[in-house]
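Every number here is computed from the coordinates shown, using simple stated rules; none is lab data. A quick note: this is a predicted structure, and the numbers were derived from the prediction, not measured. Every residue, glycine as well, gets a Cβ built from its backbone with ideal geometry; the counts of neighbours run over all protein chains shown.
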Amino acid sequence: MFQKLVNHNADLRRLVERGCAVAFDGAYLVVRDVPYLDSERKLQIGAIVSKMVLVDKVNATLEDHQVFFAGSVPHGLDGKPIPNLGGGPTTLALGEACKDVVVQRSFSNKPKDTGKFADFFEKIESYLTILSGPAMELHGSTPYTFRAVIEGGEESVFKFHDTLTSRAEIMDLSAKFKDDVVAIIGLGGTGAYVLDFMVKTPVHAIRAFDLDPFHVHNAFRSPGRLEERELGRSKAEIYEARYLNFRTGLTCQARFIDTSSKEDLAGVTFAFVCVDKGPSRAGIFNLLLDLGIPFIDVGLGLSRKQAALNGMVRLTYYSVEHGAKVQAKGLAEVTERPDDLYRTNIQISELNALNACLAVVRFKQLRGFYLEEIPYYHLLMGVGDLKTVGESNLDEN
């Protein structure tokens with residue numbers, strides 16, 4: 001990543017040629033070896049962190065005039081805090097590549113003449129002059145060390161930089177998924193949306209399974225555009241092709257999952273069950289419980305009320321500890337329902353997406369990404385009144 005960004009961005013290359021200790025962490029530009037004075041005019045070394053807007057894989061632009069700073073309050077030659085820096089104390093969790101950089105505050109200082117910086121070179125040079133000027137004069141130190149900073153940490157699963165996570169300052173939360181291997185069983189309406197959401201989640205690997213072919217009706221309840229050449233091919237082939245340019249670690253296989261599929265799920269840490277056939281669901285449940293894999297099962301139950309459809313969107317969580325007890329409650333259909341209108345009223349992508357959203361949000365709660373105030377194992381949302389009810393106490397009858 002370092003070489004690509006430096007090669008394609010003249011301003012970043014100028015910083016390196018100037019001698020700055022430049023590194024990149026996701027969508028952050030990190031400049032180490034920044035000398036400054038503390039309250040006793042002693043020499044300290046900090047780091048500047050600036051957000052980048054990644055236009056594509058290799059081109060970056062400024063987001064704003066602000067920076068983060070890893071260090072204490074910088075002081076001038078007079079022993080007083082340097083004025084006109086704005087900002088204040090803050091924290092920012094960087095990724096593995098720059099875990100040594102501990103952000104303590106932010107600064108906001110605009111150029112007087114234009115009100116904005118032209119590029120990264122101008123921005124960093126301006127802040128270095130302000131922050132390091134006193135230390136350079138008093139101690140003869142320099143921020144231009146020409147030090148090559150080796151980027152550490154694991155490679156990202158994404159083939160594009162995750163600028164959304166960096167800009168939202170939640171890299172530490174996203175790291176909670178790095179060891180997960182997620183299985184998605186069924187790529188119908190809800191399963192396709194679960195796949196779409198999980199592809200954009202930094203789990204280590206995703207394994208998706210569905211033997212069925214992709215037909216026109218599938219296009220009406222799945223994300224993405226339809227290309228006519230896709231019709232008749234397997235869902236697994238279609239969806240894998242759609243996302244392979246986005247991330248690594250994705251495999252979609254054209255096969256059913258049943259009690260004989262232990263090898264297919266070896267190493268899986270979590271599963272989403274997105275099938276609409278009761279008997280198939282029963283076998284999958286038994287397999288996952290036997291393998292000790294926690295999972296969420298999703299489902300839609302619809303019926304026609306006068307001139308409109310009504311029903312429930314459901315998710316049920318089966319933990320390793322209590323999965324068998326949840327299964328015994330019979331919360332998910334494991335038999336066929338010939339009167340279910342789901343199969344004839346197929347243009348309900350918004351409910352498929354909603355079902356998938358609830359399931360993925362619940363998974364992310366379990367990983368500590370979202371706050372979990374009530375540990376629901378069963379959740380229902382009514383289509384008619386849009387009310388949500390849940391069960392959290394397994395000891396209740």
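Among the trypsin sites (Lys or Arg not before Pro) in segment 201-275, which ones are in a DSSP loop with at most 16 other Cβ atoms within 10 Å of the Cβ? Mind listing them?
Numbers: sites: 207, 221, 225, 229, 233, 235, 242, 247, 255, 262; in loops: 221, 225, 233, 255, 262.
Filter output for segment 201-275: 225, 233, 255, 262.
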Requested in this report: Find, among the GluC sites (Glu not before Pro) in segment 177-235, those assigned to loop by DSSP (not H, G, I, E, B) with at most 11 other beta-carbon atoms within 10 angstrom.
Outcome: 227
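Before anything else, pin down the relative contact order of segment 2-156: Cα pairs under 8 Å, at least 6 apart, normalised by residue count, whole percent. Don't skip to the end; give the middle numbers.
On the way: 300 pairs, mean separation 44.6, N = 155.
Computed value for segment 2-156: 29 percent relative contact order.
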Query raised in the report: Helix 278-291 versus the longest principal axis of the chain: what is the Cα-based angle in degrees, 0 to 90, to the nearest 10?
Result: 50
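With a ≥ b ≥ c the root eigenvalues of the C-alpha gyration tensor of segment 179-391, is it rounded (a/c under 1.5), prolate (a/b larger than b/c) or oblate? Can you show the working numbers first?
On the way: a/c = 1.37, a/b = 1.03, b/c = 1.33.
It is rounded, given that a/c, with a ≥ b ≥ c, falls under 1.5.
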Query raised in the report: Alpha carbon centre of segment 350-368 versus segment 65-135: separation in Å?
Result: 39
**Report entry** Burial order of peptide ranges 354-364, 111-121 (average beta-carbon count within 10 Å, highest first)
**Finding:** 354-364, 111-121
Report summary line: Mean Cβ-within-10 Å packing, highest first, puts peptides 99-105, 179-185, 366-372 in the order 179-185, 99-105, 366-372
Query raised in the report: Where Lys and Arg each count +1 and Asp and Glu each count -1, what net charge lies around residue 108 among other residues with Cβ under 15 Å from its Cβ?
Result: +4
Query raised in the report: What 222 nm value per residue comes from the helices of the chain, counting each DSSP H run with n ≥ 4 as -39,500 (n - 2.57) and dividing by all residues, nearest 500 deg cm²/dmol?
Result: -8000 deg cm²/dmol
Query raised in the report: What is the chain's relative contact order, in percent, from Cα pairs under 8 angstrom and six or more apart in sequence?
Result: 12
Query raised in the report: Going by average Cβ neighbours within 10 Å, how do the peptides 52-62, 21-31 rank, with the highest at the top?
Result: 21-31, 52-62
Requested in this report: Report, to the nearest 10°, how far helix 120-139 tilts away from the longest principal axis of the Cα atoms in the chain, using its own Cα long axis and a range of 0 to 90°.
Outcome: 50
Report summary line: In degrees, nearest 10, the alpha-carbon axis of helix 189-199 is tilted away from the dominant principal axis of the alpha carbons of the chain by 20
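Calculate, in nm to one decimal, what residue 43 and residue 259 gain on full extension: separation in residues at 0.36 nm each, minus their alpha carbon distance.
Working: separation 216, 0.36 × 216 = 77.76 nm, distance 6.60 nm.
Working it through step by step, the gained length comes to 71.2 nm.
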Report task. Once you've got the Cα coordinates, tell me which of 4/80; 277/325; 42/159; 4/110 are over 32 Å apart. Result -> 4/80; 42/159
Requested in this report: Could you check the simple spin-label distance between residue 387 and residue 142, using points 7 Å along Cα→Cβ, in nm with one decimal?
Outcome: 7.2
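List the GluC sites (Glu not before Pro) in segment 1-89 that DSSP assigns to loop (not H, G, I, E or B) and whose Cβ has at most 16 other Cβ atoms within 10 Å. Which are they?
Working: sites: 17, 40, 63; in loops: 40, 63.
Listed in order of number, the matching sites are 40, 63.
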Query - Inter-label distance, nm, simple model (7 Å from Cα along the C-beta direction), residue 216/residue 4 - result: 4.0
Requested in this report: Could you work out how far apart the two model spin labels at residue 286 and residue 325 are, taking each label as a point 7 Å from the Cα in the direction of the beta carbon, and quote it in nm?
Outcome: 2.3
